[in-house]
Amino acid sequence: MSAVLDLKGVTVRRGGKAILDAVDWRVNEGERWVVLGRNGAGKTTLLQVAAARMYPSSGTADVLGERLGRVDVFELRTRVGLASAALAETIPGDETVRDVVLTAAYGVTGRWRERYEELDTERADDLLRAFGVDALAERRFGTLSEGERKRAQIARSLMTDPEVLLLDEPAAGLDLGGREELVGALGELAGDPRSPVLVLVTHHVEEIPPGFTHLMLLRDGAVHSAARSARSSRPRTSATPSGSRSSSRTAAVAGWRAPPVPESAARARTRGTGRAGSRGLRVKSSSRPHVGTGVAMDWLVWLGAGLLLALIEIISLDLVLVMFAGGALAAAGVSAAGGPLWLQIVTFAVVSVVLLLTLRPYLLRHLRDRVPLAETNVAAHVGRAALVVDRVSEIGGRVKLAGEVWTARTEPGAPEVPAGAEVRVVRIDGATAVVAPSPATHPNGS
């Protein structure tokens, strides 16, 4: 039997204190666990590790076959249903109740730029209706009572049809009638073989539903005892009127009435391939940039590429790479705005081409007009005066130019220039100065 949760020597320390101390815990497929313990025993911290929302200080934690520290936890969290007070504290108070449930499809709290389909909204509304809070769908989460928050959280925990469901004191804050209904629904859920693995944290033994197979007692952050429950027999699901709240709630919890995801919708999921839930629903891969995860997001990749191209441009100075850098920055903007990858690539190509055809020629002309061309040392000699050292004819000779002796010659047909005469450099032909008599030494110039 494969392990759904496998914790080995898990220790969590905060401020020098061990909240969990060398916990070994294995939960297999098909099991239903109850975790008991006093306040401060480490129950909530244990669930946070099991939900991939907290890393152990030491030891290893494998969740659904994935080891924490070696997996993208934001993908993993969509496969884990969690309802806890710790999670509720991370939900923005101004979030609508419907969005509280919807955002579970991406494993995040607080709606950002995620895309949801009509199927997602329908499932969220069905779950809210099953737990009797559908009338609160447009209410702000911060305005709900404690009991209403619990119901909304349980609905959220089932949004992705999870493979493991972690419930941290789900009945806390419920009135007597609501608690009994919840315990009954969880009992039927525990008795259905199609249900996910269940882990329930509670203080009260009367809140333990029938059908739970194992018990674990925590004391001071360590496992005091763990054993198979004497009440592990699973109850038969009793027939109830199809229109009753108990029946619709149990069906929604167990997931067997959840509408299937069309293949077209599955293919249209945003980033990532998605992973099938325990009974066929597909969950989404989060497109939100998560601070501190170390996962490179598209817009960061584009931004990094743009900066790299701009740095290389400093070396080349031909104003080509900087145009591609502009295209990369434009693509980064599209990515940050939530644009799909194909639109980012098209934006990069179009902006780069437009900049190459328009901005680059303008900048080149502007630079040529503003920066004078510097003459080389050789070209600067043209027009200068030189002194003939050896007689210069069209065959050859030597002149002293700018303190250096150059080979020199006159233009074909020009008269010879005797030594000691002054000449003017007409042009430079390789390493030879082509000279002409200065007016003072020209035959007709005296």
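Values in this text are rule-based calculations from the coordinates and carry no lab data. Note that the structure is predicted; figures quoted are calculated from it, not measured. Ideal geometry is used to build each Cβ from the backbone, glycine not excepted, and the neighbour counts take in all protein chains shown.
Full-extension gain between VAL71 and TRP342, please, as 0.36 nm times their residue separation minus the C-alpha to C-alpha distance.
94.9 nm
Eigen-decomposition of the gyration tensor built on the alpha-carbon atoms of region 379-437 gives equivalent ellipsoid semi-axes of 15, 12, 10 angstrom, largest listed first.
Extending 7 Å from Cα along the Cβ direction at LEU307 and again at THR11 yields two label points whose distance is 3.8 nm. Taken over region 298-370, the ratio of Cα radius of gyration to 2.2 N^0.38 Å equals 1.15.
Say the dipole of region 298-370 comes from +1 at the beta carbon of Lys and Arg and -1 at that of Asp and Glu; which of LEU367, TRP302, GLN344 then lies farthest toward its positive end? Value computed over the given set: LEU367. Charge tally around ASP6: other residues with Cβ under 10 Å, Lys/Arg +1 each, Asp/Glu -1 each, net +1.
With a ≥ b ≥ c taken as the square roots of the eigenvalues of the C-alpha gyration tensor of region 75-148, please select rounded if a/c is under 1.5 and otherwise prolate if a/b is larger than b/c or oblate if it is not? Because its axes are fairly even, with a/c under 1.5, region 75-148 counts as rounded. Fully extending the segment from ASN39 to ALA414 would add 123.8 nm, taking 0.36 nm per residue of separation and subtracting the current Cα-Cα distance. Of the residues THR103, VAL133, VAL35, the one whose Cα sits farthest towards the positive end of the charge dipole of region 25-134 is VAL35 (charges of +1 on Lys and Arg Cβ, -1 on Asp and Glu Cβ, taken about the Cα centre).
Calculated on the alpha-carbon coordinates, the convex hull of region 12-86 measures out at 112 cubic angstrom per residue.
Cross-link partners of LYS17 among aspartates and glutamates, defined as those whose alpha carbon lies under 13 angstrom from its own and excluding same-chain residues fewer than eight positions apart: ASP220.
Here region 298-370 is treated with +1 on each Lys and Arg Cβ and -1 on each Asp and Glu Cβ, and its dipole about the Cα centre works out to around 240 debye. Within straight-line reach of LYS400, meaning a Cα separation under 20 Å, sit the following aspartates and glutamates at least 8 residues removed in sequence or on another chain: ASP390, GLU411, GLU416, GLU422, ASP429. Taking each residue as 0.36 nm, the span from SER393 to ASP318 lengthens on full extension beyond its C-alpha to C-alpha distance by 22.5 nm. Rounded to the nearest whole Hz, the Karplus-based 3J(HN,Hα) values (6.51 cos²θ - 1.76 cosθ + 1.60, θ = phi - 60°) of region 299-314 follow the sequence 5, 5, 5, 4, 4, x, 5, x, 5, 5, 5, 5, 5, 5, 4, 4, with x at glycine and proline. For region 42-105 versus region 378-411, the spacing of their alpha-carbon centroids is 87 Å. Cross-link reach is defined here as a Cα-Cα straight distance under 13 Å, omitting same-chain residues fewer than 8 places apart; for LYS8 the aspartates and glutamates meeting it are ASP21, ASP24, ASP62. Put a plus charge on the Cβ of each Lys and Arg, a minus charge on the Cβ of each Asp and Glu, and nothing anywhere else: the dipole of region 379-437 about its Cα centre is then about 120 debye.
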